[in-house]
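Asks: Okay, handing you the structure first.
The values are calculated or read from the model by the stated rules, or taken from the named source; none is laboratory data. Just so you know, these numbers come straight off a predicted model, no measurement behind them. Using ideal geometry, Cβ is built from the backbone for each residue, glycine included, and neighbour counts are taken over all protein chains shown.
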Amino acid sequence: MSLVLRPNAAATDDYDVMHGELQVGRIYRRRAAIRPEMQWLWAFNGVPGGPAGLALTGLAASLDEALAGLQESWSKWLASTELSESGDERS
């Protein structure tokens, strides 16, 4: 199961990142970006720990790049916990 964006009804350019029914992150466009070329912020929400060096937040130039960054870290986190995309334990 891949990550899916769910628009935040209360704000534009603001998305919950869902894995099935579980919210694992958020992506939103920053209004007052210090670096205007990097306006999209992504972050994990409620994901416990992870391997050393795992990025839990990041900046990107576009929504697609932000989702790709979060997806990359999500895949690394899943691998570190020995879980799979479907939620089943690995054999």
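Asks: Being among the charged types (D, E, K, R) and in contact (Cβ under 8 Å) with a residue 24 or more places away in the chain is the requirement here; does Arg35 meet it?
Replies: Judged against the criteria, Arg35 is a match.
Asks: Something else now. Note down all Cβ pairs under 7 Å where the first residue falls in segment 7-22 and is over 22 Å from Ala60 (Cβ atoms), the second is of a type in the set (A, V, I, L, M) and part of a loop (DSSP other than H, G, I, E, B), and they're at least six residues apart or on different chains.
Replies: Close Cβ pairs (under 7 Å, with a partner that is of a type in the set (A, V, I, L, M) and part of a loop (DSSP other than H, G, I, E, B)) amount to Gly20/Met1.
Asks: So, one more: Looking at Arg29, Arg35, which one is over 13 Å from the mean Cα position of the chain (by Cα), at pLDDT below 90 and of a type in the set (Lys, Arg)?
Replies: Arg35
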